[in-house]
Each structure stands twice: as structure tokens, then as C-alpha cells.
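Have a look at the structure below, then the notes.
Readers should treat all values here as calculations from the given coordinates under stated rules, not as data from a laboratory. Fair warning: this is a prediction, and the values are worked out from it, not measured in the lab. When we count neighbours, we look across all protein chains shown, and the Cβ atoms used for this are built from the backbone with ideal geometry, even at glycine.
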Amino acid sequence: MKSNEHLVIITGHSSGLGRALLDICLQDKTYVVGIARRRVELQHPHLKQIQVDFSIMDYGIDQLLQPLAPILDAAAWQTVTLVNNAGTVQPVGLVGQLDARSIAASLHTNLTIPLQLSNWLLRRFPQQKLRIAQISSGAAHKPYAGWGVYCTSKAGLRMASQVMATEAEVSGCDLSLVIYEPGVLDTPMQDELRKSRVEEFPQVERFRQLHKSGQLVAPRDSAQELWQLLCDKDLPRLVETRYGARGS
Ligand SMILES: NC(=O)c1ccc[n+]([C@@H]2O[C@H](COP(=O)([O-])OP(=O)(O)OC[C@H]3O[C@@H](n4cnc5c(N)ncnc54)[C@H](OP(=O)(O)O)[C@@H]3O)[C@@H](O)[C@H]2O)c1
């Protein structure tokens, strides 16, 4: 694949899984747009970074993506992939004890922005081969006490992906969706989670044990598996999978 054929937009490229995926894409000579609050201290001709806080609801998606205009207009991308990876597990706590604003901010980051970016992608690239990876979680299927907002956002993202796949059958657009559960990752999100109080997250001890016993997944391994999937020329319309399930 030549560098100007595949454009990959990664949200949350500054840390954890997103950072690992960024490195893999750049090694593969793929052009990457990374969007997060922090910049990565890396100068690379194939990397463009946008700094934005997804929890702020004051601006529209077109305004947010304005710095991309020269890239989008200048190059003829054959494939454009959006990886909706940015996310937060906060606020952790039982419903009834949460700060109302943090509920809205979290849903905006984890659910509204990925849906808005997907909407933008489909509108902006009607002729290209499109791929959207939604970084999901077991929390999309299973209720965890203390993760009311996180579970809700991941379940919503999963359903949005299923709807988009169904719509693509109708519209005939060249879109594939990957709902990917990356495993329990050794990233700052897990560091943060292990600091939760048991009253706000009753299962916290299980996650502490996974860390203690060395069972966390290295973000690079998970990102590698995801990237292999996204580079599959015969990717079906909708794939839902989790780290390790495909035998890697
Ligand atoms: N860690 C796990 O065990 C685990 C398990 C299942 C699923 N996941 C999912 O995997 C994805 C990546 O998680 P991770 O473990 O790699 O977490 P991480 O290391 O904490 O990274 C999260 C990324 O999201 C970005 N982000 C968070 N809030 C943002 C905001 N308001 N605006 C813009 N960017 C924001 C962060 O960038 P800035 O801080 O620079 O903004 C960072 O790059 C998430 O969707 C998470 O839900 C993680």
C-alpha cells in the first residue's frame, strides 16, 4: 500500500492503544491524523495532529476538523479509516452519586463525537473505501456497577455501528465497520481505574489482581491485531471481535 492511498484518522492517539496504533501505522508508511487534547512529541511527514477536547460541546465537527482541509483537498485517498478510540471511563461511581456535568461530558467524548465523526466521514468521502473501527469493551454488553456512563456509551457505540452497517447495505456505500474489544490493556486508563474506591467501583479488586498477576494486554499487541484486521482487503461489512479471539 503506498503512503498516499490510505488515510487513517485516530482519535486518542496520544496514549495507550491509540499511541500504539499510531506507531504501527507510521511504520507501515500510512498517513495519520491524530486527534486528542495532547500532542505527541513526534515530527513525522505522515502525521498531522489536532488538539481538541472532545468533552467540550461548544463547537461543531466541521470547525474541529478545519485544520484538515489542506490534506483532504490535496490528496486522492483511496481508503479512509476512522478509528474511534478516544475514551474515558470517568465518571466512575454509582448512578445517584455522579456529577451531572461529568455524565454529559463523558457521553459527548465516548459516544457523540464518534457518531459525529462517522457522520462526517460518510458525508465527506462518498466515493472512497471507508472503514470505521469502534474501540469497544465488554462494558458494551455487560452491566458493571460503577460504570453506568461508560457501559451506556460503549453499548450506544456498538448499536450505532450495527445501524451504520445496516444502512450501508441500503445505500450501497463502500463501508466496513469493526467493533473491536481490545482486551484489558496496560494503559493509563487501567492505572486510573485501579485507584477507584470499592464503594464507587465494586469490581476494582479484580482489575488490581489482573495487573498484579501480569495479565494485562500490551497495547502494541492489541493495536497490531486491530491493524491487521483493518488492512484485510476482504473485510466484511461488519466485524465484531475482541483481542485474541482470532487466534493471534
Ligand atoms: N484500558 C482498557 O483496559 C480498555 C479495555 C477496553 C476498552 N478500552 C477502550 O480503549 C480505548 C483506548 O483506551 P486506553 O486504555 O488506550 O486509554 P488511555 O491510555 O487513557 O488513552 C485514552 C486516549 O483518549 C484520549 N481522550 C480521552 N479523553 C479525551 C477528550 N476529552 N478529548 C480528546 N481526547 C480524549 C486521550 O488523549 P488526551 O488525554 O491527550 O486527550 C488518550 O489519547 C478507549 O476507548 C477505551 O474505552 C480500554
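Residues of segment 189-248 that are closer than 23 Å to I24 by Cβ and of a type in the set (S, T, Y): S222, T241, Y243, S248.
Please go through segment 182-198 and pick out each residue that is more than 6 Å from the ligand (Cβ to nearest atom) and either under 23 Å from R246 (Cβ atoms) or small (G, A, S) (or both). If the condition is that a residue be more than 6 Å from the ligand (Cβ to nearest atom) and either under 23 Å from R246 (Cβ atoms) or small (G, A, S) (or both), then G183, D186, S196 are the ones that fit. When A245, A218 are checked against the criterion of being without any contact (Cβ under 8 Å) to a residue 12 or more places away in the chain and of a type outside the set (K, R), a single residue qualifies: A245. For segment 173-182, the criterion of a residue being of a type in the set (D, E), surrounded by fewer than 17 Cβ atoms within 10 Å (Cβ to Cβ) and under 25 Å from L230 (Cβ atoms) is satisfied by at least one position. Mind checking which residues of segment 85-118 are part of a helix (DSSP H, G or I), within 12 Å of the ligand (Cβ to nearest atom) and within 17 Å of the chain's Cα centre (by Cα)? Across segment 85-118, the qualifying residues are A105, S106, L107, H108, T109, N110, L111, T112, I113, P114, L117. Checking L82, L121 one by one, the residue that is under 20 Å from M159 (Cβ atoms) and more than 14 Å from the chain's Cα centre (by Cα) is L121 and no other.
Rundown of residues vs (1) loosely packed, with under 15 Cβ neighbours inside 10 Å; (2) out of contact with any His (no Cβ under 9 Å at 6 or more places or on another chain); (3) free of Cβ contacts under 8 Å to residues at least 12 places away in the same chain, yes/no style:
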{"site": "P70", "(1), (2), (3)": "yes, yes, yes"}
{"site": "N85", "(1), (2), (3)": "no, no, no"}
{"site": "Q90", "(1), (2), (3)": "no, yes, no"}
{"site": "L107", "(1), (2), (3)": "no, yes, no"}
{"site": "S118", "(1), (2), (3)": "no, yes, no"}
{"site": "R123", "(1), (2), (3)": "yes, yes, yes"}
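For segment 189-202, does any single residue satisfy the condition of being buried (at least 16 other Cβ atoms within 10 Å of the Cβ), of a type in the set (S, T, N, Q) and assigned to a loop (DSSP other than H, G, I, E, B)? Looking through segment 189-202, at least one residue is buried (at least 16 other Cβ atoms within 10 Å of the Cβ), of a type in the set (S, T, N, Q) and assigned to a loop (DSSP other than H, G, I, E, B).
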